[in-house]
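Enquirer: Got a structure here, written out as structure tokens. Questions coming.
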Amino acid sequence: MGYGAAVRAPASYRDLCRRLAEITDLVSAARVLVWDQRTVMPPAGASARAEALATLTRLAHSLLVSSDTGRLLDALAPWAESLPADSDAASLVRMTRRDYEKERQVPAELRAEMARAAALAIPVWEEARRRSDWALFQPHLATALELRRRYVECRQPAGEAYDVLLDDYEPGMTAAEARAVLAALKAGLLPLVGEVAARGDVVDDSFLRGPFPIDAQRRVELALLQALGFDERVFRLDESEHPFACRAGPDDIRLTTRRQEDRLTSLFACMHELGHGLYEYGVDRALARTPLGRGASYGLHESQSRLWENLVGRSRPFWQRFFPLLREAFPQALAGVDAERFYRGINAVRPSLIRVHADEATYGLHIILRFELEQDLLEGRLAVDEVPEAWSAKMKEYLGLEVPDAAHGPLQDVHWAGGQIGYFPTYALGTIMAAQIWERLRVDLPDLDEAIAAGELRPLREWLREKVHRHGRKYLPGELLRRVTGSGVDPVPLLRYLRHKLGEIYDLPS
Ligand code: ZN
């Protein structure tokens with residue numbers, strides 16, 4: 001924490017900081033082990049790695065929930081309340097208290113059981129997905145739900161069960177709030193997707209099937225990432241089965257991607273993960289080695305990744321500047337394609353079965369489907385063996401598609417296998433927040449399009465760092481969003497952005 005605060009702080013505050021620094025170090029070490037497992041570890045290393053991770057997690061958990069932490073927090077309460085609420089120290093005491101109260105209600109054995117169940121379910125899910133066999137995975141989903149019900153019970157919620165699960169990903173938001181936001185999003189997306197479909201196949205994206213040689217992809221990705229703010233002294237880019245970003249330390253940010261010769265999805269995945277990485281890199285150094293030294297929530301994190309992937313990476317000014325790089329890298333696939341055709345092609349709306357391949361307009365509907373099913377499962381309105389049928393019905397209703405098998409349906413994502421129930425809404429919330437933040441920053445940066453078209457991304461990066469990144473986890477996400485945009489989570493800017501962009505590409509009546 002800042003030196004100024006430290007010299008005037010009581011000794012118990014320094015004790016708390018020392019304890020939190022140790023916890024953060026354990027968490028950082030665990031992150032490096034996870035990164036290593038997902039990038040370079042030989043498969044046979046998995047069982048030893050699971051033990052090492054379990055030990056680090058248990059140590060961090062017991063340091064946080066110990067009675068010493070509680071005593072320090074009690075002793076510090078009057079002092080922290082005398083400080084400005086937005087000071088680093090007051091925020092640290094407030095957020096640590098929040099984490100402590102939540103975590104100490106959860107017995108260590110239940111935490112361990114949740115971790116163990118996920119470790120056992122993931123290989124079964126992989127096998128089930130390969131064979132498209134829902135029945136094989138089903139008992140593991142039943143176990144994950146049962147453990148979440150027990151988890152909810154320990155937390156003694158005032159409201160509904162889903163509130164407890166959502167709070168782990170989007171602190172402070174209730175299920176009712178998420179439902180209202182996603183219902184408004186759905187009411188806007190369904191007619192928009194319908195109007196676009198009615199226009200027929202007017203956008204040519206046939207050139208997006210490659211070939212895109214892997215070596216050329218790697219070169220062009222690095223060149224683009226560097227233009228966006230990837231600094232090789234701080235960032236790395238490696239390959240993994242599923243792209244992700246990992247903060248091993250404030251100046252050690254690791255991104256991964258997955259390349260395929262017949263699609264350019266890796267390019268967009270790189271920009272997405274860079275958005276996560278820039279957020280972590282932009283957190284104020286004074287918050288390092290504290291629980292505030294990371295992004296505010298999964299939703300806000302996703303707002304940053306989606307902003308770089310879509311609002312920048314699928315924009316016309318961006319490709320006006322960078323398309324020549326791409327043309328040079330892929331002369332065969334992009335022969336005869338210009339920046340404008342490319343821009344239209346990468347923004348084509350094509351309802352598809354797989355979430356991670358979804359375009360900007362249909363993406364939200366994939367999330368809404370999962371959010372609705374999760375609530376039904378948790379409340380017992382839907383049994384696990386009814387999931388494939390319920391999934392198919394919603395896919396038909398929202399996107400007009402038949403689901404051929406469970407691999408293209410409820411087995412496509414890893415989240416439920418990992419017990420991450422309550423996570424999905426943050427993808428849609430983040431996409432919504434990205435558009436809200438984008439509208440706000442365009443007021444402050446009126447020449448943004450010209451800057452992007454000139455390859456000048458620094459003003460955008462600095463705006464985001466100043467308004468969003470540097471605060472880390474000092475505020476609950478709803479409060480931070482309000483500070484940045486003046487409003488709560490609101491899908492209107494996203495719907496406005498999509499209607500404007502797709503209206504032009506598909507020549508829709510405005
Ligand atoms: Zn993401």
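Enquirer: Please name whichever of 427, 395, 408 sits farthest to the positive end of the charge dipole of segment 288-443, dipole taken about the Cα centre and charges placed at Cβ: Lys and Arg +1, Asp and Glu -1.
Expert: Going by the Cα projections, it comes out as 427.
Enquirer: State, as an integer percentage, the relative contact order of the chain based on alpha-carbon contacts under 8 Å between residues 6 or more apart.
Expert: 20 percent
Enquirer: How are the C-alpha pair distances of segment 365-510 spread across 5 Å bins, as whole percents from the shortest bin up?
Expert: For segment 365-510, the binned pair fractions read 2, 8, 13, 15, 15, 13, 13, 11, 8, 2, 1 percent.
Enquirer: Determine which lysines satisfy two conditions relative to residue 501: a Cα distance under 28 Å, and not lying fewer than 8 residues away in the same chain.
Expert: Residue 501 reaches 186, 394, 396, 467.
Enquirer: Give the lysines reachable from residue 474 as a straight Cα distance under 23 Å; neighbours fewer than 8 places away on the same chain don't count.
Expert: List returned: 102.
Enquirer: Within a Cβ distance under 9 Å of residue 265, other residues only, what is the Lys/Arg minus Asp/Glu net charge?
Expert: Around residue 265, the charge tally is +3.
Enquirer: Place +1 on the Cβ of every Lys and Arg and -1 on the Cβ of every Asp and Glu in the chain, take the dipole about the Cα centre, and give the residue among 491, 226, 82 whose Cα lies farthest towards its positive end.
Expert: Checking the options against the dipole of the chain, the answer is 82.
Enquirer: I'd like the accessible area for residue 136, computed on protein heavy atoms only with a 1.4 Å probe and all protein chains in place. Round to 10 Å², please.
Expert: For residue 136, solvent-accessible area is about 60 Å².
Enquirer: OK, next. Taking just the alpha carbons, could you work out the radius of gyration and Dmax for the chain, both in angstroms?
Expert: When restricted to Cα atoms, the chain yields Rg and Dmax of 23.0, 70 Å.
Enquirer: Here is a further query. Assuming 0.692 mPa s and 37 °C, estimate D for segment 293-360 with Stokes-Einstein, Rh taken as the Kirkwood radius over Cα pairs, in µm²/s.
Expert: Roughly 237 µm²/s, to the nearest whole number.
Enquirer: Using the per-residue mean of other Cβ atoms lying within 10 Å as a proxy for protection, in what order, highest first, do the peptides 283-292, 338-347, 397-406 fall?
Expert: Result, highest mean Cβ count within 10 Å first: 283-292, 338-347, 397-406.
Enquirer: Would you work out the relative contact order for segment 222-297, in percent, from Cα pairs under 8 angstrom that are 6 or more residues apart?
Expert: 25 percent
Enquirer: While we're on this one: If you keep only loop residues by DSSP, which trypsin sites (Lys or Arg not before Pro) in segment 183-226 have at most 15 other Cβ atoms within 10 Å of their Cβ?
Expert: Hits after loop and neighbour filter: 199.
Enquirer: Let me ask something else about it. Let me make sure I get this right: for segment 40-189, a, b and c are the square roots of the gyration tensor eigenvalues over alpha carbons, sorted descending. Under 1.5 in a/c it's rounded, otherwise prolate if a/b > b/c, else oblate. Which is it?
Expert: Oblate, because a/c is 1.5 or more while a/b does not exceed b/c.
Enquirer: A follow-up question, please. Taking a label point 7 Å from the Cα of residue 168 along the Cα→Cβ vector, which residues of segment 27-57 have an amide N closer than 18 Å to it?
Expert: Label zone hits: 27, 31, 53-57.
The values are calculated or read from the model by the stated rules, or taken from the named source; none is laboratory data. This is a predicted model, so every value here is computed, not measured. No Cβ is skipped: glycine too gets one built from the backbone with ideal geometry, and neighbour counts run over all protein chains shown. Note: accessible area is taken over every heavy atom of the protein model, side chains too, but ligands, DNA and RNA are not part of it. Shrake-Rupley method; radii C 1.70, N 1.55, O 1.52, S 1.80 Å.
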